Amino acid sequence: MLQPTVVRSPSTHFGSESETELAIIRQFTFSSSLQRMTVIAHNPNDSGRQMYLYCKGAPEMVASLCRPDTIPEDYFSVVNQYAQHGYRLIAVAYRPLSLTYAKAQKIPRDQIECDLQMLGVIVMENRVKKQTIPVINQLNRAHIRTVMVTGDNLLTAMSVARECGIIRPNKRAFLLETEPHAKTFDGRTKLVLKQSVSSSDEVIEYDENSTSADMELGHLVDSSYHLAVSGPTFGVICEEYPELLDRLVCVCDVYARMSPDQKQLLVNTLQDVDYTVAMCGDGANDCAALKAAHAGISLSEAEASIAAPFTSKIPDIRCVPMVIREGRAALVTSFGVFKYMAGYSLTQFMTIMQLYWLNTNLTDFQFLYIDLGLVTLVALSFGYTPACEKLSKIPPPQRLLSIASVASILGQLGIVAFFQVFTFIYTSMQPWFIPYAMPLSDDEEDRRSMQGTAIFCVSTFQYITLAIIYSKGFPYRKPIFNNMPMCASLVAVTAVSVWVTVYPAQFIIDWLEFDPIPYFADRLFLFVIALLSGIVSYLYETFVIDHLILGIGERWKKRHYISTGSSNSSLYERILVSIGTEPSWIRCIAENIGLPHNGLCETYKEPKAVSESVGTSQSASDAPLFRPATLLCCETLRPM
């Protein structure tokens, strides 16, 4: 027979009272699905060997296991009052057991976790970490949607969400609950929508006939309210209202009493509606969701770190913006390297095509200087630019073969071709020009030509220009000046290229096999041509690509796709447009009324006033056009 574990009460301050000892006979570990844990214990000093069962867990769960006569009449009102102020509550109950030691080791827990006597509720203050509010505000400013998923009480979760900024003070908050004993006309569990007023921390019934007539385009994908739901209600929706699930995850910001399986299902559902999901968790209950998310971030080096690709040694969520910033910077860097290599290849292609027209080509050492001295040296230092410290409101491009990327490469190719052709014609028209003469013998290989020398000199600066243009800084990376290896490389190759173009030494002429331009003024004019080419390329990339196509064009296209419900927009954007900015769509779907226009039921009348929460409505100009990502913070906002 195993020796039971003995626990002792801590000594009193004066040490006058004797310590109490209890022997743990059996322990039923905590289960998130059962929301409780239980132990069977007895006092070793008790000659009667009386056993007792002690149970602790969620107040509503423990209350359901207790005898009604042991529960105070104001039990639930007191629990809700403390929960609304953000306190963490654990109910404790017990019952005496008449069991032998052998039977206590075998009896199922459901046979003894009943007819308990309520002892009381432990109220704990679990303050929000000081880093939580700044991080949430930073994500909100970047228009990154933040969602809380927790195992706490729903009212506690909403209080914490208000405190840390997930529920904003200028928006109304609603609770979606169920009435287990009430059924709809088709036999499904009835859903009840209640409004939570932050100014008084009370919950009032929602006036379902109220709505909003303001349907500005800026509000099309930004709801005017927050929604909170508990795990049991979430389970009912999954089983009885599956058509409601996709819409629910698009607007619900607080999930309470969620089990590990429900957390994983939530992540998968968010991904199904085209959200990019980053999951932040610190416990074993979060492992499945961390593994399912696009980016799982563990704040613990224990069980959760095994499932998450990212592990933070700092136990708070300040690592989340860092992961997003580094990810965006890495994506922009990858796209920049690709466009630079494509631009380099096309620039060299244009040079060679013109020289082929003369039946010549670049010399071997000219190829070596471009490929090794210019391109490789710059490309190796391309990725050393650090990420920007501020999160941008606009996410980076997600497609490499987009209109902006193709227009950028083709536009730069056109600029490069224009200035190279101009250089070719300019050189050919000069009085000192000597046409290229092909070797008389096939064994001779003389590729030197004045046009080739001129185009080579101009093209070397075009490679440098492409490197500067495609090594973009703000808003996803710091300016190129923070990349010291690349700056040193660019300064070095620029200085050498100026020397080679304007005043080449004789050994440079021999090494690169130049047919030299005889006059300094003409060589200086070639440098001016290269400088003009760089200026035009920079202006094209800045104003045409960044401002017109990626700025005005993308915003117009996004608004057009969202307003028309085009399949080119994300699924969650189309869902948000279809349900409108008011929560009345929940009743519409639950009662099979449908959503004929902007989420408003046919039975709804003109809008009228609703009990308002603190704050004013968000203006259309401030409303984000789209929310590119979702962050799930599970039990990570407060210290454990």
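If you filter segment 295-324 down to residues that are over 19 Å from N285 (Cα atoms) and at pLDDT 85 or above, you find that the one that is nearest to the chain's Cα centre (by Cα) is I324.
Let's see how each residue does on (1) of a type outside the set (A, V, I, L, M, F, W, C); (2) assigned to a helix (DSSP H, G or I):
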residue	(1), (2)
S300	yes, no
P321	yes, yes
E326	yes, yes
F335	no, yes
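Looking across F424, F474, one residue alone is in the same structural domain as V378 (by the TED database), of a type in the set (F, W, Y) and modelled with pLDDT under 90. It is F474. One residue alone among D222, D286, D246, D261 is part of a loop (DSSP other than H, G, I, E, B) and either surrounded by fewer than 23 Cβ atoms within 10 Å (Cβ to Cβ) or modelled with pLDDT under 90 (or both), and that residue is D222.
Residue pairs whose Cβ atoms lie under 8 Å apart, separated by 6 or more positions or on different chains, with the first residue in segment 416-436 and in contact (Cβ under 8 Å) with a residue 12 or more places away in the chain and the second small (G, A, S) and not in a helix (DSSP H, G or I), are Y436/S449. The requirement of being part of a loop (DSSP other than H, G, I, E, B) and either touching a residue at least 60 places away in the same chain (Cβ under 8 Å) or basic (K, R) (or both) is fulfilled somewhere in segment 366-384, by at least one residue.
Looking across segment 453-483, the residues that are assigned to a loop (DSSP other than H, G, I, E, B) and aromatic (F, W, Y) come down to F474, Y476. Residue check: N170 meets all listed conditions (1) within 26 Å of T269 (Cα to Cα); (2) under 24 Å from the mean Cα position of the chain (by Cα); (3) exposed (fewer than 14 other Cβ atoms within 10 Å of the Cβ) but one, namely (1). The residues of segment 372-384 that are surrounded by 14 or more Cβ atoms within 10 Å (Cβ to Cβ) and either not assigned by the TED database to the domain that holds S489 or not β-branched (V, I, T) (or both), listed by number, are G373, L374, L377, A379, S381, F382, G383, Y384.
Within segment 450-465, identify whether any single residue is surrounded by 13 or more Cβ atoms within 10 Å (Cβ to Cβ) and free of Cβ contacts under 8 Å to residues at least 40 places away in the same chain, and answer yes or no. No, segment 450-465 contains no residue that is surrounded by 13 or more Cβ atoms within 10 Å (Cβ to Cβ) and free of Cβ contacts under 8 Å to residues at least 40 places away in the same chain.
Here A329 meets each of (1) buried (at least 17 other Cβ atoms within 10 Å of the Cβ); (2) at pLDDT below 90; (3) under 18 Å from the mean Cα position of the chain (by Cα) with one exception, condition (2).
One line per residue, one yes/no per condition, for (1) among the β-branched types (V, I, T); (2) out of contact with any Asp or Glu (no Cβ under 8 Å at 6 or more places or on another chain):
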| position | (1), (2) |
| --- | --- |
| Q84 | no, no |
| L89 | no, yes |
| Y94 | no, yes |
| K106 | no, yes |
| D115 | no, yes |
| T146 | yes, no |
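Would you please name the residue that is farthest from V123 (Cα to Cα), looking only at residues in segment 90-112 that are among the small types (G, A, S) and loosely packed, with under 15 Cβ neighbours inside 10 Å? So that I can check it myself, show each step before the final result.
Applying the first criterion (among the small types (G, A, S)) to segment 90-112 yields 91, 93, 98, 102, 104.
With the extra rule that they be loosely packed, with under 15 Cβ neighbours inside 10 Å, the set shrinks to 98, 102.
Values: S98: 31, A102: 36 Å.
Here the residue is A102.
Here the condition is being assigned to a loop (DSSP other than H, G, I, E, B) and either among the basic types (K, R) or farther than 26 Å from V135 by Cβ (or both); of T347, T360, it holds for T360 alone.
Here is a check on your reading of the model: is A387 at pLDDT below 95 and crowded, with 17+ Cβ neighbours inside 10 Å? In short, yes.
Is it the case that A342 is small (G, A, S), closer than 27 Å to A530 by Cα and not in a loop (DSSP other than H, G, I, E, B)?
Working: small (G, A, S): yes; closer than 27 Å to A530 by Cα: yes; not in a loop (DSSP other than H, G, I, E, B): yes.
Taking the combined requirement at face value, the residue satisfies it.
Within the option set S405, S392, being part of a loop (DSSP other than H, G, I, E, B), within 27 Å of K339 (Cβ to Cβ) and not aliphatic (A, V, I, L, M) holds for one residue only, S392.
For every residue, the table says whether it meets (1) over 19 Å from I535 (Cβ atoms); (2) over 31 Å from the mean Cα position of the chain (by Cα).
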| position | (1), (2) |
| --- | --- |
| Y426 | no, yes |
| P431 | yes, yes |
| P475 | yes, no |
| Y503 | yes, yes |
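For segment 141-158: of the residues being over 13 Å from I317 (Cβ atoms) and of a type in the set (S, T, N, Q), which is surrounded by the fewest Cβ atoms within 10 Å (Cβ to Cβ)? The qualifying residue surrounded by the fewest Cβ atoms within 10 Å (Cβ to Cβ) is T156.
Say whether the condition of being closer than 21 Å to Y356 by Cβ, in contact (Cβ under 8 Å) with a residue 60 or more places away in the chain and among the aliphatic types (A, V, I, L, M) is met by at least one residue in segment 468-478. Within segment 468-478, not a single residue is closer than 21 Å to Y356 by Cβ, in contact (Cβ under 8 Å) with a residue 60 or more places away in the chain and among the aliphatic types (A, V, I, L, M). Which of the residues belonging to segment 265-296 are over 22 Å from C238 (Cβ atoms) and in contact (Cβ under 8 Å) with a residue 60 or more places away in the chain? Of everything in segment 265-296, those that are over 22 Å from C238 (Cβ atoms) and in contact (Cβ under 8 Å) with a residue 60 or more places away in the chain turn out to be T276, A278, C280, D282, G283. Residues of segment 57-89 that are crowded, with 20+ Cβ neighbours inside 10 Å and in a strand (DSSP E or B): G57, C66, L89. Only a single item in (1) over 26 Å from I409 (Cβ atoms); (2) at pLDDT 75 or above; (3) in contact with a Pro (Cβ under 8 Å, 6 or more places away or on another chain) is not met by Y572, and it is number (3). Screening I133 with (1) free of Cβ contacts under 8 Å to residues at least 60 places away in the same chain; (2) over 30 Å from M322 (Cβ atoms) gives one miss only, at (2).
Scan segment 484-503 and give yes if some residue there is modelled with pLDDT of 90 or more, within 30 Å of F433 (Cα to Cα) and assigned to a loop (DSSP other than H, G, I, E, B), otherwise no.
Yes - at least one qualifying residue is present in segment 484-503.
The values are calculated or read from the model by the stated rules, or taken from the named source; none is laboratory data. Keep in mind the model is a prediction, meaning the values are calculated, not measured. All Cβ positions, even for glycine, are placed from backbone atoms using ideal geometry, and neighbour counts span all protein chains on display.
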